[in-house]
Structures are given as structure tokens and as C-alpha cells.
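Accompanying notes for the structure given below.
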DNA sequence: TTGTAAGCGTTATCAC
DNA sequence: GTGATAACGCTTACAA
């Protein structure tokens, strides 16, 4: 591997002159610069990132941490982040898994965007304490070095629940996420609020996991307890799809016996028959904003926490209110 | 930031002793080791990755490069890679975009898995020439430092085309990927071979892009030229779905007027109505194998190119042969 | 304008 | 078993 030392030798100058030339410093004559550049090119010189990072104490790399790589929300979110990072001269790397937790403390990256519950809040606070910069997308965490860019879960869950109530539903199943999920807890709170404000609305919590399996299990319960048309709010689309899958094996009809709404508006939702009602938000913007905020706190700018707004997407999966339709089986 | 120097000072030993203790060398007494470890802990010592990488000339990080983060194939593929990497003490980072091309030559990572046509083959060969280790998933490239783990495109496209031919289809549209896509070119070759071997089969190439929009454009053409039921082989599922979308606005019925098969078996395909026929393969295994091969060539082991096998997934989207059904509109 | 030299935080070779 | 010390490749005062 050729280093600036080799270039210096070949050019008959010192390594510092080479370094200046390479970094476009004005301290060097155009002539020597072009000579050095030419030699560097000839020798196929490529700078060593580790050395630069070690010296400058920054890598110009940002990391985003995900619980896993599956998940339909991620694609656009990451592309949004990438765009902002690149436009600001940062590189973005996507990390997942236990090993990846080292990257921030070991200073491989200049900052982290967290959407990964395998990071504990204590862990994140500890990092923030050591002056590492962090943006959290999946929890509330207060620290000068931590910024929050959160979904407006409350608004979303309120929209969804009110939509069901407006359609005349009186019995609403709510399929939750994992117990420790911030999103799930927030959404539940809003459901509770709306339901308690409405007359005569009963809501039943069904424990879920934000995965298809959770929706399937919820479907089992609903089938068992079924007496009349019900409404179901799955706290994310993936569970809603799991629920549809399970119901597809039965004579229950979505939009008629089971009135269903999800959350996230993942791509699949568009293709469900009937179209899944859900809560939409711009994943791209979420990512872009997260990256922006991270870069700002790295640059020492003061920032406020941000919120990603959501909208209701109506869909035939919710149908037109309880029609008390007869079910042929069961 | 506390470094081994600080620990050495506090422990009253030299930095080399600290380094030995930290790295579990047997050259140090248990007593001093535990004392040092204790102090390191007390001072919240965390090693500096850049310094280690600079000195050891390896980062124990592997990179995988994607054209973009969208794409339904990636989730499982990446999880497969992550699993193998972590089990071998490597960390995995996912990269995309022009800036990310620096990571390999600048030695930020010990090796790269390429699934990204923004890397030219010349670029990759140049890296290989400089002793960087690479596994390619999206092209054929021969070099001692490059290993190929490729889909069996030929087998897949043959299975798909034969399936259509067996169902009695005589006119087959083939919607291709981008011109420079290795996968697309390989699949086309197989289609051509099967079609030319079969009596009386006509096939028409429709230029696509592996994205939904390509499928939509293909649908336009097919609608315009429609005279009798046709078969369509979209060279990936995403275009097949785009095609379905466009056709959903018409009276054409998939499986009846348009007999459709895709490639990839992405998750969405399961949820299409009717179920999309397609070519399946294990994305997780693909990723796992790629990571394995990369680690092997990094360790200096000799490896052979690998192939990922594929199977046919039948689906109602192909229907039961040309039934010459009447179309009400058009 | 260019050179000298220190230093970033490690690892590793060699003495002791 | 432990300690000096050089080296990894680069940036950046400071000196010339």
C-alpha cells in the first residue's frame, strides 16, 4: 500500500507538503501540487481511513442501528437518511446485531440513529454522557447529546380509533406491540383516551409483537370469542396482515365481520384485498429529518425534538360500520 | 477519552503491560491483569477502533453494498449475512451510494459483498488487484481475490418458461431488467433457449427495469396489442406486481387473459390475488453463503464459486393454459 | 512555500 | 513478567 511517505520520496518533498497538496491547502504552489497529485495518481495512492480518523478524531460516517434488516418500513427511511448524509459529506452505514453496539463507543462513527430496542436507554445515556451524539427514533430520552425524532403515535392512534368509533363500532380489539415498545405504549394510551371519551365503547387488549405471528394469534382469539361483527386496531400493519392471513382460512370476511385498521402504511397494505385502512407517514422524511438532526448536533447546533406527522388512510378493510351480518360457519 | 496510557499511569505500569492485560496475553500475572482490568473498568476505558485498525491492518468489519435500501430481497439476505459474520467475530455494515465506494479501498472494511451495479467491474478488479477481498452476487468476475455466489438464473428462467410452455402458451411476453443487469441477461438467455426448443412458441421482449414502473409500462403494451390470452414472464416479482396494478384498472384478469409468472418470490407475491407464480430461492442462504465465502478468502482459504439453487412456485396467476376467454371490454 | 516533528491510540518487538 | 520504544498513516503547529 502506498502512503504519503512514498509519494513524498518520489516527489522529493516532505510528507507534510504531500498532505497539504492532497488536502488542497493554499500553502503549496500550484506547480508542486500538480506534480504531487500526478505522482499520487501514478502510485495509485488511496488515503487510509483509520489513520485519518485516528488523527482527526472524526470519521465522517454516521451509523443507523436496526433491530433486524427485515421490516418494510426501513427501505425508504434509510434512503431518506442516505440522501441527507451524502449531501452533507457524511457516509451512512447500517448496522444490526449485538456486535454492532461497539461502533459508537469505539468511535468508528461520528453519531448514531437508533431504531433498535436492543439498545437500552441506560446504554444510550452512557454514550451521550461520553459526548457521543445520538438521535433516537424509538423512545423518549432527554440529554443534550440526544435528539428525538418520533412518530406522532398519539395522533395516529387517535385517528385510527376515532375512525372505527365513527363507523359505529362499539367493540374494538386492539392488538399491541411488545410490552417494552415505546410506539406500542404511546398508541395504547391514545386508544384508551379516545375509547373512554366515547360512549359505550368497549376495547379489549390483545397482546401482540409487531410481527405477523402476533396478528395470527389475535385472529384465533377473535374467532373464538366471535358473536357479532367487531373492529380491530392492529398497532402495526404487519400484524394486520398476519390477522388477515389467519382469517383467510375461515369464512370471516374482512370489512364485514372483522373491521380492520393497521398502522404504518407499509407497501403490502396497498395490495391487500380489501385495501387495509391504516395510518400513513413519510418514512423518507423521517429518515431525512433524523439524519439532519444528527448532523446538526454533531456540528454543535442546538436542536429541538422533532415529530413526524401522520394521516389516516381509509380502506375497505374497515367497511361501513357494524352490519350485523350473519356468519355461515361457526 | 481514556486511553491505555491513562490506565498505565493509574496502575503504575507501562502501556505495553496494559495492552497485554487487556488482550488476555499469558505474559502477565493474574494479579496485575485483574488490577489493570479493574482500573480500566473504573476509568470507563473503551479501545479506539481506528487505532487498532491502523496498527493491525484489519478492522474485522465486512461491508455489503446495495444499489439502494428499498427492495424486498434484502431483509433476509442481510440477516443471513449478519448471522454468519457475527458467528465468526466479524461485524457487518450495509452501505449504499456513491460515497460508500471509498470504504473498501480506504481499508475501513476487510472485505466487501457486492450487490450493486453502481460498482463497475473494472473498479472491482482494480480493488482485487490491490489485494482487497470481494464476493460478487450480481456478475461474473474472475480473480483470485474475488468469489462469485450467484443465483442459478438459467435454471430459474428455464423453469418459469417451461412452466408457461407446458400450460400450452404459445405467445410469451418477457419483461426484462435493465440492459446491464447480469441477472436479466442470464434469464433472457435461458428464455430464448427454451422458447427456441419448443415448437411454435413466439416470445416478445418488453424492456423493463426491475421496478414496478417497468411492469406498468409492459402492461400498457400488452393491453394495446391484446387479441387473445397471453403469457407474461416478468424477470422479477416487483415488475409482475406493477403489471398487476396496471391491469387492475382494466377488465383483464390475471390467470385468465394474462398468465403471469415472476422471479424472486418476494413476500408480497404470497399476498397477490391470485397468488403470483414465481421462482423461489433462499435469500437467507444466499447471504449466509456470501459471507462465508468472503471470510474464507480473507483467511486465505481457497474457495470455489457457488451457486444458489432455485425452485418453481406455482400460482393461480398462471391459470390453466390459454382458454381463449372472451374479454368484455376492448 | 516547504520542512520538521509531535502526536492520535494502538500493537508488537525487543531488551531487561 | 514487565518496560521502552518503534511503528501504523495521517494532520498540523511551528520553524525555516
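Quick check: is even one residue across segment A:36-45 buried (at least 22 other Cβ atoms within 10 Å of the Cβ) and away from DNA strand C (no atom under 16 Å from the Cβ)? The answer is no; no qualifying residue exists.
When segment B:90-115 is filtered for residues that are surrounded by fewer than 21 Cβ atoms within 10 Å (Cβ to Cβ) and at the interface with chain A (Cβ under 8 Å from one of its Cβ atoms), the ones remaining, listed by number, are B:97, B:98, B:99, B:102, B:105, B:106. Go through the residues of segment B:12-32 one by one and say whether even a single one is surrounded by 23 or more Cβ atoms within 10 Å (Cβ to Cβ), within 12 Å of DNA strand D (Cβ to nearest atom) and touching a residue at least 12 places away in the same chain (Cβ under 8 Å). Within segment B:12-32, one or more residues are surrounded by 23 or more Cβ atoms within 10 Å (Cβ to Cβ), within 12 Å of DNA strand D (Cβ to nearest atom) and touching a residue at least 12 places away in the same chain (Cβ under 8 Å). Tell me, yes or no, whether segment B:62-84 has at least one residue that is modelled with pLDDT of 95 or more, crowded, with 19+ Cβ neighbours inside 10 Å, in a loop (DSSP other than H, G, I, E, B) and more than 7 Å from chain A (Cβ to nearest Cβ). So far as segment B:62-84 goes, no, none of its residues is modelled with pLDDT of 95 or more, crowded, with 19+ Cβ neighbours inside 10 Å, in a loop (DSSP other than H, G, I, E, B) and more than 7 Å from chain A (Cβ to nearest Cβ). State yes or no: is residue B:243 assigned by TED's automatic domain parsing to the domain that holds residue B:175, in contact (Cβ under 8 Å) with a residue 24 or more places away in the chain, surrounded by fewer than 17 Cβ atoms within 10 Å (Cβ to Cβ) and not in a loop (DSSP other than H, G, I, E, B)? When the stated conditions are applied, residue B:243 does not pass them.
Counting the residues of segment A:133-152 that are free of Cβ contacts under 8 Å to residues at least 60 places away in the same chain and more than 16 Å from residue A:291 (Cβ to Cβ) gives 6.
Taking segment A:20-32 as the range and being more than 7 Å from DNA strand C (Cβ to nearest atom) and part of a helix (DSSP H, G or I) as the test, the residues that pass are A:21, A:22, A:30.
Mind checking which residues of segment B:85-115 are within 19 Å of residue A:68 (Cβ to Cβ) and part of a helix (DSSP H, G or I)? Matches in segment B:85-115: B:85, B:86, B:87.
Within segment A:255-275, the set of residues being away from chain B (no Cβ under 14 Å) and out of contact with any strand residue (DSSP E or B) (no Cβ under 7 Å at 6 or more places or on another chain) comprises A:255, A:256, A:257.
For segment B:47-58, taking the residues that are in contact (Cβ under 8 Å) with a residue 12 or more places away in the chain and crowded, with 16+ Cβ neighbours inside 10 Å, the one that is farthest from DNA strand C (Cβ to nearest atom) is identified as B:53. Scanning segment B:291-305 for residues being over 18 Å from residue B:65 (Cβ atoms) and in contact with a strand residue (DSSP E or B) (Cβ under 9 Å, 6 or more places away or on another chain) gives a total of 4.
Checked against the criteria, residue B:15 counts as over 23 Å from residue A:49 (Cβ atoms), within 11 Å of DNA strand C (Cβ to nearest atom) and outside the structural domain of residue B:299 (by TED's automatic domain parsing).
One residue alone among A:141, A:125, A:150 is more than 12 Å from every other protein chain (Cβ to nearest Cβ), surrounded by fewer than 24 Cβ atoms within 10 Å (Cβ to Cβ) and assigned to a loop (DSSP other than H, G, I, E, B), and that residue is A:141. For segment A:33-58, the set of residues classified as in a loop (DSSP other than H, G, I, E, B) and near DNA strand D (Cβ under 8 Å from one of its atoms) consists of A:45, A:46, A:47, A:48, listed by residue number.
Flag: residue B:289 does not match the condition of being crowded, with 20+ Cβ neighbours inside 10 Å, under 17 Å from residue B:73 (Cα atoms) and within 14 Å of chain A (Cβ to nearest Cβ). The condition of being part of a loop (DSSP other than H, G, I, E, B) and either crowded, with 23+ Cβ neighbours inside 10 Å or at pLDDT below 95 (or both) holds for only one of B:168, B:156, that being B:168. Among the numbered conditions (1) in contact (Cβ under 8 Å) with a residue 12 or more places away in the chain; (2) out of contact with any strand residue (DSSP E or B) (no Cβ under 6 Å at 6 or more places or on another chain), the only one that residue A:106 does not meet is (1).
The values are calculated or read from the model by the stated rules, or taken from the named source; none is laboratory data. These numbers come from a predicted model, not from an experiment. Cβ: placed from backbone, ideal geometry, glycine included. Neighbour counts: every protein chain shown.
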